[in-house]
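The values are calculated or read from the model by the stated rules, or taken from the named source; none is laboratory data. Quantities reported herein were computed from a predicted structural model and do not represent experimental measurements. When we count neighbours, we look across all protein chains shown, and the Cβ atoms used for this are built from the backbone with ideal geometry, even at glycine.
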């Protein structure tokens, strides 16, 4: 009886007062490190008896900057899942975070619950560009940087103290790569669109002359599939792309002309406040799409020129212009690999008429501090192939798992208050 009572008391304690949690990843570096053990305060977060709505009211007023523990909305939350979760949490607490029974069908420990930073509150619309979080509200309709977020967001761990770096297991990007990224973003944002229009038209025109001129027929948009338009494939397989377009004759020239120039007219009506798509995120991706197109277009034209000279393939590989384009392609690919960790579209998305939507009452948006190494409320767990921009009928494609969602207050279990292990890091959290 005494054992049953003790277990029952521990269960009540972990449901209503405190819960232990061990950090499993580096998503919250530098505030939290792998194997940090936390005490999570639950009493003010409206804890309830499992499978019921019976419990305490929510007293906590969440604010931006809170580090919260919450149920991962990517997992199902039926009655069976809830029972399993309660049992695993009880064992987890009784064993001081050494035994975790919360596993999926494959026996892998679930990423549930999650510990992230609360960065978006009700009544806000968010956007992130170049690692800067922006927010607007009904009362402040223009997007403005969220100054507080810069205190927490980490993109370059190489700048941390030597003592902290010794405890970090993974550095997603090195110092040289980070500086290269900043320079690339500056180049993209200052891109001369008028000059890009002329260059795209010149490339398309030169290729058309080599293919017998442009046919007076519409371009066959389905000449290339979405997979063919995947930016990595286009740059990697540029030679195969060139030979395919050349073999298609005037149809190939017509498609290439549309690929290089259709955006010029199609995107003009989408300009608002000097931005393609009307916001910084859409404008940035539109420009990135053009940068990829210019690289691909130059590949195709140069390949065609060398093929016309009947040079062996080895000459193409060693051609100085081709080598320079490979360097450019590598830079573009490197940035796109980080794209969805450093940028986020307007969220919640605008309504069909273009008017803003806002995070609903009782809902919040969370991200990890270590933005390059955090799978959070910005992302889904599945990737899909989509156009890089919605404002180009012949956009290049890329793989993304960008699917932002907010978290309802009912899924928040509590806030992190205290780190009780390891000994050298014991203390209250910032």
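Which of the residues spanning region 48-71 are more than 21 Å from residue 428 (Cβ to Cβ) and surrounded by fewer than 18 Cβ atoms within 10 Å (Cβ to Cβ)? Let's see the steps before the verdict.
Restricting attention to region 48-71, the residues satisfying the condition of being more than 21 Å from residue 428 (Cβ to Cβ) are 48-58, 71.
Scanning region 48-71 gives 48, 49, 50, 51, 52, 53, 54, 55, 56, 57, 58.
If you go through region 36-54, how many residues are at pLDDT 80 or above, touching a strand residue (DSSP E or B) at 6+ places or on another chain (Cβ under 7 Å) and either farther than 14 Å from residue 408 by Cα or assigned to a loop (DSSP other than H, G, I, E, B) (or both)?
The initial filter retains those residues of region 36-54 that are at pLDDT 80 or above, namely 36-46, 48.
Still in the list and also touching a strand residue (DSSP E or B) at 6+ places or on another chain (Cβ under 7 Å): 36-42, 45-46, 48.
After this cut, where a residue has to be either farther than 14 Å from residue 408 by Cα or assigned to a loop (DSSP other than H, G, I, E, B) (or both) as well, the list is 36-42, 46, 48.
Going through region 36-54 one residue at a time, the tally reaches 9.
Output the residues belonging to region 169-182 that are within 20 Å of the chain's Cα centre (by Cα) and without any contact (Cβ under 8 Å) to a residue 24 or more places away in the chain.
Just the residues of region 169-182 that are within 20 Å of the chain's Cα centre (by Cα), to begin with: 170-174, 177-182.
If the condition is that a residue be within 20 Å of the chain's Cα centre (by Cα) and without any contact (Cβ under 8 Å) to a residue 24 or more places away in the chain, then 171, 174, 178, 179, 182 are the ones that fit.
Counting only residues that are part of a loop (DSSP other than H, G, I, E, B) and under 17 Å from residue 23 (Cα atoms), how many does region 65-99 have? I'd like the intermediate steps shown before the answer.
So the first thing to find is which residues in region 65-99 are part of a loop (DSSP other than H, G, I, E, B), and the list is 65-66, 71-78, 95-99.
Next cut, under 17 Å from residue 23 (Cα atoms) only: 66, 71-72, 95-99.
Within region 65-99, residues that are part of a loop (DSSP other than H, G, I, E, B) and under 17 Å from residue 23 (Cα atoms) number 8.
May I ask you to list the residues in region 216-231 that are touching a residue at least 24 places away in the same chain (Cβ under 8 Å) and either more than 15 Å from residue 261 (Cβ to Cβ) or exposed (fewer than 14 other Cβ atoms within 10 Å of the Cβ) (or both)? Even if it seems obvious, please write down each step before you answer.
Taking region 216-231 as the starting set, the residues that turn out to be touching a residue at least 24 places away in the same chain (Cβ under 8 Å) are 217-221, 223-224, 226-227, 229-231.
Listed by number, the residues that qualify are 217, 218, 220, 221, 223, 224, 226, 227, 229, 230, 231.
Yes or no: region 288-299 includes at least one residue that is surrounded by 21 or more Cβ atoms within 10 Å (Cβ to Cβ), out of contact with any helix residue (DSSP H, G or I) (no Cβ under 7 Å at 6 or more places or on another chain) and in the same structural domain as residue 209 (by TED's automatic domain parsing).
yes
I'd like the full set of residues that are at pLDDT 90 or above and surrounded by 17 or more Cβ atoms within 10 Å (Cβ to Cβ), limited to region 254-277.
Residues satisfying the conditions are 254, 255, 256, 257, 258, 259, 260, 261, 262, 263, 276, 277.
So residue 266 ticks every box in (1) within 24 Å of residue 198 (Cα to Cα); (2) in contact with a helix residue (DSSP H, G or I) (Cβ under 9 Å, 6 or more places away or on another chain); (3) touching a residue at least 60 places away in the same chain (Cβ under 8 Å) but one. Which box is left unticked?
(2) is the only condition that residue 266 fails.
On the basis of being touching a helix residue (DSSP H, G or I) at 6+ places or on another chain (Cβ under 6 Å), free of Cβ contacts under 8 Å to residues at least 24 places away in the same chain and either over 30 Å from residue 279 (Cβ atoms) or surrounded by 18 or more Cβ atoms within 10 Å (Cβ to Cβ) (or both), does residue 106 make the cut?
Values: touching a helix residue (DSSP H, G or I) at 6+ places or on another chain (Cβ under 6 Å): no; free of Cβ contacts under 8 Å to residues at least 24 places away in the same chain: yes; either over 30 Å from residue 279 (Cβ atoms) or surrounded by 18 or more Cβ atoms within 10 Å (Cβ to Cβ) (or both): yes.
When the stated conditions are applied, residue 106 does not pass them.
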